[in-house]
Amino acid sequence: MASSETSKTVTISDVARAVGLSKTTVSTALSGNGRLSEETREMVRREAEKLGYEADFFAQGLRKKRNDLIGFFSPGLDLGVSTLKTQAITQRLYARGYNVPVVSYGCRENGEFFGQEELLTDLRRRKPRAMICSTRNLQYERAQQELRRYLEDGGIAVCFDWPIAVETDAVLFDRVHNSYVATRHLLEMGHRDIGFYIPGVDISTDPRVQGFSQALAEWTLEPRAEWIFCGGFHLEAEHEGRWLAEKFLKLARRPTAMAVVNDITALAFAAQIKNAGIEIPRDLSLVGHDGRAASEIGFLPLTTVTHPVEAIADAVVDMLESRLSGGSTGPARREIVRGHLIQRQSVRCLN
């Protein structure tokens, strides 16, 4: 473990003493400005790196009479609602005059995310005026610790999507409620044999399974393990739908209805089972999740529960600006955002 002395913040004065130059000369060398030889610049850069000096981007912003940098940390960008939320939030902030670079991390094929800590460290070192952090799959304690360190240094942060163990403002999407609403609708339409699909690798910790089970319990029903499908985490949504169809068609006994996360997966699933002679809603009722445009204008008008992208973006930006303006200075706040049911033509009434 590093000692308190080695963890002490290195200043530009420390670098200046080490190389025997003035602070002004060192600052000029590190900024890339001014008339200095390349040898001098390289000597200063090497010593700064050796000492662990981190440039104070915030101070640089003050010298320029502005700091409009809002760091945005996001999971690996996809073709679904994660990217739509990123787009909606950054568009709102750009419209207000902020510069919003997006830092994104990747994942291995087994679903394990990596690089989170390093990227958050890099973003923290830029000393943005504030930080927005998508917490979907922000699962590693060391990565969360980087976010805490930013807050402890006086930074402003708003998280969104999933709850994490960091005391900061947060806008959370209620996934329990979404799957509960989808399942309850099928129950109200007379279905009792209901299957459920989620992308991912672990149904034991997914809140959407909790909502599914909660709705069944209100009708004194229990979920059947063979009708809960979990997989395709590393696949695109369309391929997840094909994977689900293959599993579904192998069932000895099939449910009369399926709730599927998300809309694109649900539509791909419907297209695949149609090739096997199963028509929706004649033979199987189907509810999606997200409320994407494809659910309305695709080949199948899909009943779905929305993922409120615009409401989440509005809440994140409002929460952030209230901190930046000084209008809110109290403890961390938490806002819950919920989707709603849109009924179309993919559910058959059995009552």
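A short reminder: the numbers here are calculations on the coordinates, not readings from a lab. What you see is a predicted model, and the numbers here were worked out from it, not measured in a lab. A quick note on method: Cβ atoms are made from the backbone with ideal geometry, for glycine too, and the neighbour counts reach across all protein chains shown.
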As I understand it, the value is the acute angle between the Cα axis of helix 116-125 and the longest principal axis of the Cα atoms of the chain; what does it come to in degrees, rounded to 10?
40 degrees
Choice from Thr121, Thr86, Thr303 with maximal GNM fluctuation in the chain (Cα, 10 Å cutoff)
Thr121
Would you pull out the residues with amide H under 5 Å of Val103's amide H, same chain only if 5 or more places away, H placed 1.01 Å from N?
Phe72, Phe73, Ser74
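So which GluC sites (Glu not before Pro) in the range 246-351 end up in coil per DSSP with only 13 or fewer other C-beta atoms within 10 Å?
Numbers: sites: Glu246, Glu279, Glu296, Glu310, Glu321, Glu335; in loops: Glu279.
Within the range 246-351, the qualifying GluC sites (Glu not before Pro) (loop, at most 13 other Cβ atoms within 10 Å) are Glu279.
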Remind me, relative contact order of the chain in percent, using alpha carbon pairs under 8 angstrom and six or more residues apart?
15 percent
Taking H placed 1.01 Å from N in the peptide plane, check which residues at least 5 places from Arg344 or on another chain put their amide H under 5 Å from its amide H.
Thr303, Thr304
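Give a quick list of trypsin sites (Lys or Arg not before Pro) in the range 263-351 that DSSP marks as loop, anything other than H, G, I, E or B, with at most 11 other Cβ atoms within 10 Å.
Details: sites: Lys274, Arg282, Arg292, Arg323, Arg333, Arg334, Arg338, Arg344, Arg348; in loops: Arg282, Arg292, Arg333, Arg338, Arg344, Arg348.
Answer in residue order: Arg282.
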Two decimals is fine: what's Rg over Rh for the chain, C-alpha atoms, Kirkwood radius as Rh?
1.10
FRET efficiency for Glu218 and Thr9 from the Cβ-Cβ distance with R0 = 56 Å, rounded to 0.05, comes out at 0.50
Skipping prolines and chain starts, which residues have an amide H placed within reach, meaning under 5 Å, of the one on Leu172, given they are 5 or more residues away or on another chain?
Asp161, Glu335, Ile336, Val337
Give me the Debye-computed log₁₀ of I(q)/I(0) at q = 0.25 Å⁻¹ for the range 70-167, equal point scatterers on Cα only, no solvent, two decimals.
-1.52
FRET efficiency for Asp193 and Ile342 from the Cβ-Cβ distance with R0 = 25 Å, rounded to 0.05, comes out at 0.60
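Just subtract the alpha-carbon distance of Glu279 and Lys23 from 0.36 nm times their residue separation and send over the number in nm, one decimal.
Values: separation 256, 0.36 × 256 = 92.16 nm, distance 7.44 nm.
The span from Glu279 to Lys23 would gain 84.7 nm if fully extended.
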Mind checking which of Ser295, Ser134, Ser22 has the largest fluctuation in a GNM of the chain, springs on alpha carbons under 10 Å?
Ser22
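Taking neighbour counts of Cβ atoms within 10 Å as a proxy for exposure, in what order, fewest first, do Val347, Val176, Val261 appear?
Details: Val347 23, Val176 18, Val261 26.
Fewest to most other Cβ atoms nearby, the residues stand as Val176, Val347, Val261.
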In what order do Phe160, Phe299 fall by count of nearby beta-carbon atoms within 10 Å, going from fewest to most?
Phe299, Phe160
So how many Lys-Lys pairs in the chain land under 24 Å Cα to Cα, not counting same-chain pairs under 8 apart?
13
Tell me, what ³J(HN,Hα) does each residue in the range 338-351 have, in order and in whole Hz, if you take phi through Karplus 6.51 cos²θ - 1.76 cosθ + 1.60 with θ = phi - 60° and put x for Gly and Pro?
10, x, 9, 7, 10, 8, 10, 10, 10, 10, 9, 7, 9, 5
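By counting other Cβ atoms within 10 Å of each Cβ, how are Phe248, Phe196 ranked from fewest to most? Please report the intermediate quantities before stating the final value.
Details: Phe248 21, Phe196 27.
The order, fewest Cβ neighbours first, is Phe248, Phe196.
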For the chain, set up a Gaussian network in which alpha carbons nearer than 10 Å are linked by springs, and say which option among Asn99, Asn178, Asn262 fluctuates the most.
Asn99
Find how many whole Å separate the alpha carbon centroid of the range 325-351 from the alpha carbon centroid of the range 182-247.
20 Å
Testing the spin-label approximation: label points 7 Å from Cα along Cα→Cβ at Glu167 and Leu324. State their distance in nm.
2.5 nm
